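Trainee: Just passing along the structure, written as structure tokens.
Computed from the coordinates by the stated procedures, all read-outs in this text should not be read as laboratory data. The structure displayed is predicted, hence computed values, not measured ones. With ideal geometry, Cβ positions are generated from the backbone for all residues, glycine too; neighbour counts draw on all protein chains shown.
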Amino acid sequence: MTWRDARLLGAFSLAAVAVMPADREMQRVMQRGWVQQSPFLSSTADIFNAYGSPGVFVGSAAIYAAGWATGRPNLARLGMRAGEAIVLSGVVTGGIKGLAGRARPYASPGRPGDWRLLSGTHDGTRQSFPSGHTTAVFAFASAMDRELRLSYPGTARWAGPALYGAAALTGLARMHSDNHWASDVVMGAGIGIVSGLVVARFHADRPANWIDRRFLPRARP
């Protein structure tokens with residue numbers, strides 16, 4: 001992790017703090033009757049909630065497996081980088097969730113300031129900050145975008161916007177389902193993006209690292 005990564009994560013942290021005063025109003029908007037009763041919005045939220053978990057986990061594994069099955073190391077590398085970023089971001093997010101102990105919106109309606117130190121280690125209703133689904137989808141988007149630019153540059157024009165767009169919609173879906181405050185989503189996005197950058201830089205700086213040597217297939221002749 002570089003100072004540039006730290007500054008980016010710091011910027012997202014400040015953005016999350018800046019959004020916190022609006023958390024209560026954003027919850028009110030997302031839980032309005034017409035928003036919750038709209039079949040289109042509810043179905044869309046369900047799709048992107050599933051994309052956040054198990055979607056990106058299954059997607060990473062499937063891409064990796066396809067690379068092995070076809071003897072295409074670039075494809076396997078794509079899935080592996082995404083998986084590494086998701087795991088890294090999950091470790092960071094899990095630690096913060098346990099420490100922060102912020103109550104989820106459905107558990108403490110209208111009270112975004114309901115924090116209880118360390119309570120998230122044993123109470124799932126106090127694991128709101130940051131959003132794990134959002135962290136995972138932004139880690140997936142960040143790692144995939146970086147690796148696609150290297151291995152499949154022709155896809156970069158459309159793949160990056162599509163990946164980040166899907167990640168942003170997942171964050172909104174978590175708010176729609178009343179599982180997270182807006183600031184949880186902002187912080188999760190920051191952790192996910194930085195995790196993808198860290199994974200990409202680790203491998204760029206160590207092109208012959210033991211992870212790739214052991215877990216990537218050899219190209220078929």
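Trainee: To the nearest 0.05, how large is the calculated FRET efficiency for Val35 and Ala11 if R₀ is 25 Å and r is the Cβ-Cβ distance? Let's see the in-between values first.
Mentor: Values: r = 30 Å, r/R0 = 1.18.
Computed FRET efficiency for Val35 and Ala11: 0.25.
Trainee: Using the alpha-carbon centroid of each, what span in Å lies between region 147-221 and region 89-144?
Mentor: 19
Trainee: In degrees from 0 to 90, rounded to the nearest 10, what is the angle of the helix 156-176 Cα long axis to the longest principal axis of the chain?
Mentor: The answer is roughly 30 degrees.
Trainee: In the chain, if the dipole is taken from +1 on Lys/Arg beta carbons and -1 on Asp/Glu beta carbons about the Cα centre, which of Leu41, Met187, Gln27 is farthest to the positive end?
Mentor: Ranked along the dipole, the leading option is Met187.
Trainee: Between Asp114 and Val87, what FRET efficiency comes out of the Förster formula 1/(1 + (r/R0)^6) with R0 = 25 Å and r the beta carbon distance, rounded to 0.05?
Mentor: On the way: r = 29 Å, r/R0 = 1.18.
Calculated transfer efficiency: 0.25.
Trainee: Given Cα pairs under 8 Å that are at least 6 residues apart, what percent is the relative contact order of the chain?
Mentor: It rounds to 31 percent for the chain.
Trainee: Regarding region 3-215, what is the average projected area of its C-alpha convex hull, in nm²?
Mentor: Mean projected area of the Cα convex hull: 12.7 nm².
Trainee: Under a point spin-label approximation (7 Å from Cα along Cα-to-Cβ), what is the Thr2-Ala66 distance to one decimal in nm?
Mentor: 3.1
Trainee: Taking the chain as the reference, fit the longest principal axis to its C-alpha atoms, fit the long axis of helix 182-205 to the helix C-alpha atoms, and give the angle between the two in degrees, 0 to 90, nearest 10.
Mentor: Between the helix axis and the principal axis of the chain, the angle is about 20 degrees.
Trainee: In nm, give the distance between the simple-model label positions of Arg220 and Glu25, each being 7 Å from the Cα along the Cα-to-Cβ direction.
Mentor: 5.8
Trainee: Can you compute the helix-only [θ] at 222 nm over the chain? Use -39500 (n - 2.57) per DSSP H run of at least 4 residues, normalise by all residues, nearest 500 deg cm²/dmol.
Mentor: Result for the chain: -23500 deg cm²/dmol, rounded to the nearest 500.
Trainee: Could you tell me how many degrees, from 0 to 90 and to the nearest 10, lie between the Cα long axis of helix 3-19 and the main elongation axis, the longest principal axis, of the Cα atoms of the chain?
Mentor: Taking Cα atoms only, the helix is inclined about 20 degrees.
Trainee: Same structure again: Compute, for region 3-215, the length of the dipole vector about the Cα centre, with Cβ point charges of +1 (Lys, Arg) and -1 (Asp, Glu) only. Units Debye, rounded to 20.
Mentor: Roughly 320 debye, rounded to the nearest 20.
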